[in-house]
1. Quick check on Ala419: is it surrounded by fewer than 23 Cβ atoms within 10 Å (Cβ to Cβ), small (Gly, Ala, Ser) and either assigned to a helix (DSSP H, G or I) or assigned by TED's automatic domain parsing to the domain that holds Thr134 (or both)?
2. So for the range 162-177 (the condition being modelled with pLDDT under 90, more than 16 Å from Gly327 (Cα to Cα) and of a type in the set (Ser, Thr, Tyr)), does at least one residue qualify?
3. For the range 134-148, check the following and say yes or no: at least one residue is surrounded by 20 or more Cβ atoms within 10 Å (Cβ to Cβ) and either at pLDDT 90 or above or assigned by TED's automatic domain parsing to the domain that holds Thr52 (or both).
4. Would you check which residues across the range 171-197 are assigned to a strand (DSSP E or B) and surrounded by fewer than 24 Cβ atoms within 10 Å (Cβ to Cβ) and list them?
5. Please go through the range 398-413 and pick out each residue that is in contact (Cβ under 8 Å) with a residue 60 or more places away in the chain and crowded, with 21+ Cβ neighbours inside 10 Å.
6. Do we have Pro244 as assigned to a loop (DSSP other than H, G, I, E, B), more than 27 Å from Asn398 (Cβ to Cβ) and touching a residue at least 40 places away in the same chain (Cβ under 8 Å) here?
7. In the range 259-287, how many are in contact (Cβ under 8 Å) with a residue 60 or more places away in the chain and in a strand (DSSP E or B)?
8. Filter the range 344-368 down to the residues that are assigned to a loop (DSSP other than H, G, I, E, B) and within 18 Å of the chain's Cα centre (by Cα), then identify the one that is nearest to Gly179 (Cα to Cα).
Amino acid sequence: MTSTIPLGSRISGERLAVLLGEWRRRGSRQGAVNLAGAIELYVRDGQLPIGTRLPAERELAASLGVSRTLIGAALDRLREDGIVASRQGAGSWISGTGARRQEPTMPSSEALFDLAKAAPPALPGMTAAVDAATHELAAYIGGNGYVTGGLTLLRERIAERYTARGLPTTAEQVMITSGAYSAFVLCLRMLAGPGDRVLVEQPTYPNALDALRAAHALPVPVALDPAIGWDFAGIEAALRQASPRFAYLVVDFQNPTGLRLAAEGRERLGGLLARTRTPVVIDESLVELDFAGDPLDGPPPLAAFAGDLSLIIGSAAKSHWGGLRLGWIRASVDLLDRLLSSRFAVDLGAPVLEQLVLAALLEPDGYAALARRRADFRQQRDVLADALREHCPDWTFNVPSGGLSLWCRLPKPMSTRLAVSAANHGVQLAPGSRFGVHGGLERWLRVPFALPADQLAEAARRLGLAVASVRTCANVPAVDVAIT
């Protein structure tokens, strides 16, 4: 912790109280945890810059209407996390963003920027949610801890969100899983077997393709044009000619293209699936990352049009944190009963503590933090787009209205070679071939913008150097990297 007293401006207790707003979680007795989490959120959001002098404990207690004991406990937590520093006689000030809780980073000249994973760090307030969940855990430790379908509290909150988005849902229609990938594998095991056809978009999420291959299912690709979108005629022909056992679709900020299907298109696509009685697994892992505004104002879920054979996959990884390893499936009660009966061959349920953490994050007040995260990602998207235009001027891409990545068209078929060259310049990428059913896509590259803005700008500069080196190289080996 720094011992240097900063020269930053001082924020008054009254001003800080206005900034924090309704910081106490409804019904929570963890006042110090809640206050520390709220201050952390505004520090990481940039509204309490490093160096800001905090009001005295007595002044802050009076402004917030709480005891000095609570204020002292909250400051102790912030000091432990490296967010606040204090000196007797000099008061307290913002000293960091909690980076000491993260793994140490290398100097920028030596750092490896991982652009193979489109996954953000934890949502601000995560530690406060963990502390609140630990307090609530006492009600569950008397049992055996196996809750196959998931905690009722978490299922209710997820169901409420679907209902608010235009798809009436009850807790009985939600099952908690160990991540979205686990949810997809459960659906795959129930719906298809070796040799069965599965309709997918081209390009699509590589881990889903890997799961299909592991199950010896046969993916049937339908081209997804980054400029036009979904090919309804192609999908209809594939449904008629291939008779797939189910379809796997990502219609909200599609991974990797970033495209989003409008409400009219959802009605048309859902009608095709319903008329042919084709089950559909709809991946909504990115639906909460809508830069245009509140996702509640977006188009209704595809399942609202696709009938009772729809299964929605959700995830906390992209919106909150991959470290929670939690996802869910929203489907009819009949389909969930079938999934539950076969689940024991895969796992015995998701961990209780993590479910309590996510339930705390999905309280009504928690969506304000998601709104700030969307604003951050929108800024990071723009930083990356500008940096790529500067350092890779012959690349083209659409700027998506949500999600976590740009899908870039390269001037030549060189995606795999570029991924290898970029690794030599400290940037890890997933080549376009990983997103295709049968490889190919060498003119395409996914570039996520989940890293901080300064790292994105440096990564783009290095990509420019990698492009220049590729033009002088003839043959380089393929790469194999983990993708999220």
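1. no
2. No, the range 162-177 contains no residue that is modelled with pLDDT under 90, more than 16 Å from Gly327 (Cα to Cα) and of a type in the set (Ser, Thr, Tyr).
3. No; the residues of the range 134-148 include none that is surrounded by 20 or more Cβ atoms within 10 Å (Cβ to Cβ) and either at pLDDT 90 or above or assigned by TED's automatic domain parsing to the domain that holds Thr52 (or both).
4. Once the filter is applied, which keeps residues that are assigned to a strand (DSSP E or B) and surrounded by fewer than 24 Cβ atoms within 10 Å (Cβ to Cβ), the range 171-197 yields only Arg197.
5. Residues satisfying the conditions are Pro400, Gly402, Gly403, Leu404, Ser405, Leu406, Trp407.
6. When the stated conditions are applied, Pro244 passes them.
7. 2
8. Step one: filter the range 344-368 for residues assigned to a loop (DSSP other than H, G, I, E, B), giving 344-351, 362-365.
Applying the additional criterion that residues be within 18 Å of the chain's Cα centre (by Cα) yields 362-363.
Values: Leu362: 16, Glu363: 20 Å.
Filtering first and then ranking leaves Leu362.
The values are calculated or read from the model by the stated rules, or taken from the named source; none is laboratory data. It should be emphasised that the depicted structure is a prediction, and the values quoted were computed from it without experimental measurement. Virtual Cβ from ideal backbone geometry, glycine too; neighbours counted across all protein chains shown.
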